[in-house]
């Protein structure tokens with residue numbers, strides 16, 4: 001099955017420690033591989049100040065994952081990410097090939 005390149009950028013709560021951030025990253029990567037995709041690049045989360053307050057948070061931890069995934073599996077990935085409690089926001093975009 002052909003795959004498409006995607007990029008996921010997520011914003012985790014500032015209170016998330018290394019262990020919780022590792023668990024989030026691992027869950028996302030495991031989901032991608034179980035759906036028939038492959039992870040190409042993982043940028044570890046970095047703490048940054050937000051431009052505006054998001055759910056009473058002025059800071060957040062940004063992480064980026066670049067991956068390949070069959071197009072028909074993107075909804076399932078979206079559902080799994082949405083159910084991850086420690087994430088404030090996320091965005092999945094299709095990269096140029």
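For the stretch 15-25, the criterion of a residue being part of a helix (DSSP H, G or I) and in contact with a helix residue (DSSP H, G or I) (Cβ under 8 Å, 6 or more places away or on another chain) is satisfied by no position. Among the residues making up the stretch 80-97, those that are surrounded by 12 or more Cβ atoms within 10 Å (Cβ to Cβ), under 12 Å from the mean Cα position of the chain (by Cα) and at pLDDT 90 or above are 80, 81, 87, 88, 89, 90, 92. Among the criteria (1) over 14 Å from the mean Cα position of the chain (by Cα); (2) within 19 Å of residue 78 (Cα to Cα); (3) touching a residue at least 60 places away in the same chain (Cβ under 8 Å), the one residue 7 does not fulfil is (1).
If residue 5 meets every condition in (1) assigned to a strand (DSSP E or B); (2) under 17 Å from residue 71 (Cα atoms); (3) touching a helix residue (DSSP H, G or I) at 6+ places or on another chain (Cβ under 7 Å) apart from one, which number is that one? With respect to (1) assigned to a strand (DSSP E or B); (2) under 17 Å from residue 71 (Cα atoms); (3) touching a helix residue (DSSP H, G or I) at 6+ places or on another chain (Cβ under 7 Å), residue 5 is out only on (3). Counting only residues that are over 13 Å from the mean Cα position of the chain (by Cα) and more than 17 Å from residue 6 (Cβ to Cβ), the stretch 51-74 holds 10 of them.
What are the residues in the stretch 67-79 that are part of a helix (DSSP H, G or I) and surrounded by fewer than 16 Cβ atoms within 10 Å (Cβ to Cβ), if any? Scanning the stretch 67-79 gives 71, 72, 75, 76, 78, 79.
The values are calculated or read from the model by the stated rules, or taken from the named source; none is laboratory data. Please read these numbers as outputs of a predicted model, since none were measured by experiment. Counting neighbours? That spans all protein chains shown, and the Cβs are built from the backbone with ideal geometry, glycine included.
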